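Before any comments, here is the structure.
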Amino acid sequence: MGLLRDAGVVYKPVEQIDLGPCSNESYFKADKAPRMAGFLLKIFAWFLESRIIGALLLYIVKKNNQVHKLVSNATLEEPPMFVPLHPITDCIKTDLNQQEVKQIDSDASPPERVQQAIKCIPVTSEKLLALKSSCFRRWTIADYSRAYSTGEITPLRVAEHFIDAVRESCSPPLPMSFFINSDAEDILRQATESTLRYERGNPISALDGVLIAIKDEIDCYPYPTTGGTKWLHKFRPCTGDACCVMRLRSCGAILVGKTNMHELGAGVSGINPHYGPIRNPYDPKKICGGSSSGSAAVVSSGLCPVALGVDSGGSVRMPASLCGVFGFKPTFGCIPHSGVLPLNWTVGTVGILAATLDDAFIVYAAISGDLPSHKATTLPVSTSSIRSVKIVQDHQPFKRKLIMTRLFLLNHRVFIRAILSSDHFCPFFSLTHGYFQPKVQFPLLNSTKPISNIRFAKYGEWFNDCSDEIRICCSNALNLLCEHYKWKTVGVTIPDIESMLLAHYVTISSECSTSLSSHMEKLDFAEIGWDVRVALRVCGAFHGKEYIQAQKMRNRQMQIHNNIFAMADVIVAPTTGRTAYSIVDDALKTGEVDCINGAALIRYQIAGNFLGLPAVTVPVGYDKAGLPIGLQFIGKPWSEPTLMHVAYGMQALCISEYRKPKVFYDLFHKN
């Protein structure tokens, strides 16, 4: 394809970019392909999988989506940044200066951290309970803990109600498809043990007896971890709990099963042809968003106050927004990735979906913090990979970088697997090493003194690139927030957003392809959904140079965002560009490729993943059809306390307007 080579963009140095509101930097949007599903999608997949026609089609796909122009052939002066780590020294430079926080012992156990979090939350239970009669409110962790302690209800009775509700949710005509696996016997066993602890007066923590669901991308024994597939658990059996799950279990939480998800996390709709489309509780004919679809739906429908997801491209925040709940993604490396499917090493983070910001905070307190062993999630590493790492280690830093690049250009899959899976290469590429994390601080949400002088960075063209209903709703919510707390909005320009999105796609695709490459040779493709067959073919189409280019873009955007954070504390934008769209029958058996709707959903997600920044989505309203709208706040690295203060303030202004979904289960009072 050399004769057809596209000219690439020449990016100007970061220091020459005007980030002010009147900048001449253009807001660029690439054209998107039309929707495909059913027989048309099958034909497209067959063509892509053919040797000659497939190569031509992939070239056309990359060209039409501006990958060649904006990434592959672009000129960037920045060196590559392979992992979005944020050393403490960098955080000091960005001037975190977090207000109204409490320092926590980093060696505290998960139950102790939960107790400390509870002390930071205002005791407003009576007010909130009074709200129940006048407006809709989901039951929270505090509600469950209080009801268990007073004997109003027991964990065992709640578990029985939950099992009945899940069985009801699976009934025709529109099965909600919340779970891939949920074992009633195991749930009842956990609930019985929790009930006995309350009867004896010694619950482990406020999470004791609280129902929590786990995305089927995270190990939770004894369930298999399928990643939404029919085959992955056969190659990678689950032998224990992920670190985050282990910490929840140590707090006494009842782990109720593995939630349904978009297959391999390779889409944003949550339509899974193997386990059924996950349906939105606000309208079962609409999608939930993905890929943590089931986790968002179980919280929205009242089945659980909290669920875990994994956010690699908005996969927690997007479905949380579409389902009207909170979605919290912490700083990259804040929550250990041990026991999570290693589908994408440098963009994925365990995230939390919750009924309230309070609940997200409590679970964050339980599961965050470095692994004691500093051990990252790894894949099996080949002999050639280990040899490659040793070659790299034996040289000085300058030569090391050159050799790394040469290794990658020769075989990018060996390079990715070797570098990102090697314990020997820590701490240079460690994903969880403790010295990258600052001291643990919790937000004092019960402080009588609200935080002051918060500045929101708002890029007008980007903010407004959504439906009119979302634009108006989010603008009104932001204005209300600023007016109530005397905070300010600062106009900015964030350049090259589409370029960052494409670089993120190159990165996540290359890492996913590398992760699954050893399985693809043994796999019967008939076991994969047609939409994922297309996605995997595209994922495998990127070469070493493109991955390097994408990491250069990561470095460039990191510098740009650091400069924006010098002007503001938080970046604000809608969470999605549209509300939930309809599930079409032709996608039920094949899945779908819907680039136009997909682009609208993912538009505001990428900085959080590609740059490893913390972000939270807050429900702020509904469209004319009654579908939820979310407003997103993106923070500086390690600024979780400030983000939670902001989200808590937004929640306080919106909570009285929250609406009950069409599909909802009250586990305190059986429906």
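What spacing in nm lies between the two simple spin-label points modelled at A7 and R659, each 7 Å away from Cα in the Cβ direction?
In this crude label model, A7 to R659 measures out at 5.1 nm.
Once you've got the Cα coordinates, tell me which of K102/K662; K215/K486; K42/K636; K102/K552; K234/K329 are over 32 Å apart.
Table pairs above 32 Å Cα-Cα are K102/K662; K215/K486; K42/K636; K102/K552.
Normalised radius of gyration for the stretch 121-254, please: alpha carbon Rg relative to 2.2 N^0.38 Å, two decimal places.
1.18
Within 10 Å, count the other beta carbons around each residue, average over each peptide in 293-306, 102-115, 66-79, 631-644, and list them highest first.
Highest-to-lowest ranking by the protection proxy: 293-306, 631-644, 66-79, 102-115.
So how far apart, in nm, are the two label points at S134 and S109 if each is 7 Å from Cα heading toward Cβ?
In this crude label model, S134 to S109 measures out at 4.2 nm.
Over all directions, how big on average is the projection of the convex hull of the alpha-carbon atoms in the stretch 288-367, in square nanometres?
Here the figure is 4.6 nm², rounded to one decimal.
So for E49, E483, what's the accessible-area order with a 1.4 Å probe, most first?
Ranking E49, E483 by accessible area, largest first, yields E483, E49.
How large a share of the accessible area of the chain, in percent, is made up of carbon and sulfur atoms when the probe is 1.4 Å and the other protein chains stay in place?
55
What percentages, rounded to whole numbers, describe P(r) for the stretch 244-382 computed over all alpha carbon pairs with 10 Å bin width beginning at zero?
In whole percents, the pair-distance histogram is 13, 44, 34, 8, 1.
How big is the Kirkwood radius of the stretch 1-90, worked out from every pair of different alpha carbons and given in Å to one decimal?
In the stretch 1-90 this quantity evaluates to 16.9 Å.
Taking the stretch 472-562, how much of its Cα-Cα pair set, in percent, is spaced more than 23 angstrom apart?
I get 51 percent for the Cα pairs in the stretch 472-562 exceeding 23 Å.
Two decimals, Cα atoms only, Kirkwood Rh: what is Rg/Rh over the stretch 443-488?
1.08
Given the Cα-Cα distance of K42 and N563 and 0.36 nm per residue of separation, how much length would full extension add, in nm?
Gain in length upon complete extension: 183.0 nm.
Solvent-accessible area of D370, probe 1.4 Å, all protein chains present, reported in Å² to the nearest ten, please.
D370 exposes around 40 Å² with every protein chain in place.
Dipole of the chain, Cα-centred, from +1 at each Lys and Arg C-beta and -1 at each Asp and Glu C-beta, to the nearest 20 debye?
Computed about the Cα centre, the dipole is about 880 debye.
Rg and Dmax of the stretch 519-602, using alpha carbons, in Å: what are they?
So, for the stretch 519-602, Rg and Dmax equal 18.5, 52 Å respectively.
What does a probe at K29 reach in the stretch 589-622, counting residues whose amide N is under 13 Å from the point 7 Å along Cα→Cβ?
It comes to 596-604, nothing else.
How much accessible area per residue does the chain have, counting only protein heavy atoms and a probe of 1.4 Å, in square angstrom?
38
Go from 0 up to the bin containing the longest alpha carbon distance in the chain, width 20 Å each, and give me the % of pairs per bin.
Spelled out per bin, shortest first, that is 20, 57, 23, 1.
Could you check what % of the DSSP bridge pairs in the chain are antiparallel, to the nearest 5?
Around 70 percent of the beta bridges assigned by DSSP in the chain are antiparallel ones.
I need the trypsin sites (Lys or Arg not before Pro) found in the stretch 586-631, filtered to DSSP loop residues with at most 15 other beta carbons within 10 Å of theirs.
Loop-located and lightly packed - K589, K624.
Compactness ratio of the stretch 130-206: Cα Rg over 2.2 N^0.38 Å, N = residue count?
1.29
Assuming 0.36 nm per residue, please report the length gained on full extension of the stretch E461 to H519 beyond their Cα-Cα distance.
Taking 0.36 nm per residue and subtracting the Cα distance, the gain is 16.6 nm.
Please report, in debye to the nearest 20, how large the charge dipole of the stretch 512-581 is about its Cα centre when each Lys and Arg carries +1 at its beta carbon and each Asp and Glu carries -1 there.
That gives a dipole near 280 debye.
Cβ under 12 Å from I508's Cβ, I508 left aside: what net charge do those residues give with Lys, Arg +1 and Asp, Glu -1?
Neighbour charge sum, excluding I508 itself: -1.
Using the Kirkwood formula on the Cα atoms of the stretch 631-671, what hydrodynamic radius do you get, in angstrom to one decimal?
For the stretch 631-671, the Kirkwood estimate is 12.9 Å.
Within the set of other residues whose C-beta is less than 15 Å from the C-beta of M644, count the net charge using Lys and Arg as +1 and Asp and Glu as -1.
Residues close to M644 contribute a combined charge of +1.
Under 14 Å from the Cβ of S292, count the other residues' Cβ atoms, weight Lys and Arg +1, Asp and Glu -1, and hand me the total.
Around S292, the surrounding residues sum to 0.
Quick check: residue separation of I472 and N202 times 0.36 nm, minus the Cα distance between them. What number comes out in nm?
Here the answer is 92.3 nm.
The values are calculated or read from the model by the stated rules, or taken from the named source; none is laboratory data. None of the values given here were measured: they were computed from a predicted structure. Cβ sites come from the backbone with ideal geometry, for glycine too, and all protein chains shown count toward neighbours. Heavy atoms of the whole protein, side chains included, go into the accessibility calculation; ligands, DNA and RNA do not. Shrake-Rupley method; radii C 1.70, N 1.55, O 1.52, S 1.80 Å.
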